[in-house]
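*Asks:* What follows is a single structure, and I will ask about it in a moment.
The values are calculated or read from the model by the stated rules, or taken from the named source; none is laboratory data. For clarity, every value in this text was computed on a predicted model and none was experimentally measured. Glycine also receives a Cβ, built like all others from the backbone with ideal geometry; neighbour counts cover every protein chain displayed.
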Amino acid sequence: MRVVIAEDNVLLSAGLELLLGTKGIEVAAVVTDGPGLMEAVERHEPDAVIADVRLPPSFRDEGIRAALEVRQANSGMPVLVLSQYVEKVYARELLSDGKGGVGYLLKDRVSRVGEFVDGLRRVAEGGTVMDPEVIAQLMAGTGKNAIDALTNREREVLALMAEGLGNTELGKRLFITDNAVHKHIGNIFAKLGLPVADGGHRRVLAVLAFLNSQP
């Protein structure tokens, strides 16, 4: 597995490169701005991109803008975005194409090596990974919408889906059977009006509906 990192903090980028190397993940290039990311992806054709939300010159949204451009130009290139804080707008925008292969993690998640590497691999394989803290803050929102029709258990299942957990892991986390997991997910899809024709993308669409339901 090969990745390109877009991060202007030298200590963090060096730490990421060292960490990933110990896990058998090659860092093809480390860049510090959006144009550099575009060029590195074109040159190295990585399996995934890790990008900071905020990059030079203005340190606002250059990183995520470049990541979105990379996905558009490279057929949904898997992208894992890192952020210092929970920024709901960016979390929504990252998922907006409904294709999967995206992740949004807070930077302190990197120190939890196992979780971080597992999340990166999920994203590279086309999964969707959202930081638990992002989900917790979004869950605190209120409003009258389709999400409100979900039971507490269904909301728990949806929040864990947003973290990128598969059905088996969901069952283990909630101490319920595989059949129960399938039932809850089926109910979520039905209540959110996601048709069978959407296939595997329904999980991403469900997470997107969840994010869009919050202020």
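*Asks:* I'd like to check something: does the range 21-29 contain any residue that is under 22 Å from D108 (Cα atoms) and free of Cβ contacts under 8 Å to residues at least 12 places away in the same chain?
*Replies:* Within the range 21-29, one or more residues are under 22 Å from D108 (Cα atoms) and free of Cβ contacts under 8 Å to residues at least 12 places away in the same chain.
*Asks:* Hey, another quick one. Considering only residues that are more than 19 Å from V10 (Cα to Cα), of a type in the set (D, E) and in contact with a helix residue (DSSP H, G or I) (Cβ under 6 Å, 6 or more places away or on another chain), which ones fall in the range 38-60?
*Replies:* Of everything in the range 38-60, just one residue is more than 19 Å from V10 (Cα to Cα), of a type in the set (D, E) and in contact with a helix residue (DSSP H, G or I) (Cβ under 6 Å, 6 or more places away or on another chain), namely D47.
*Asks:* How many residues are under 24 Å from G126 (Cα atoms) and either at pLDDT 90 or above or surrounded by fewer than 18 Cβ atoms within 10 Å (Cβ to Cβ) (or both) if we restrict to the range 37-60?
*Replies:* Number satisfying all stated conditions: 16.
*Asks:* Okay, next question. Within the range 35-60, can you find the residues that are closer than 21 Å to G100 by Cα and charged (D, E, K, R)?
*Replies:* E42, E45, D47, D52 - these are the residues of the range 35-60 that are closer than 21 Å to G100 by Cα and charged (D, E, K, R).
*Asks:* I176 passes all but one of (1) at pLDDT 85 or above; (2) part of a helix (DSSP H, G or I); (3) not acidic (D, E); which number fails?
*Replies:* Only one criterion is unmet by I176, namely (2).
*Asks:* Going by what's in this entry, would L18 be described as more than 21 Å from the chain's Cα centre (by Cα), part of a helix (DSSP H, G or I), closer than 23 Å to S111 by Cβ and of a type outside the set (G, A, S)?
*Replies:* So L18 passes the test.
*Asks:* Same structure, new question: Scanning the range 18-29 for residues that are surrounded by fewer than 19 Cβ atoms within 10 Å (Cβ to Cβ) and not small (G, A, S), which turns out modelled with the highest pLDDT?
*Replies:* Only one residue tops the list, namely E26.
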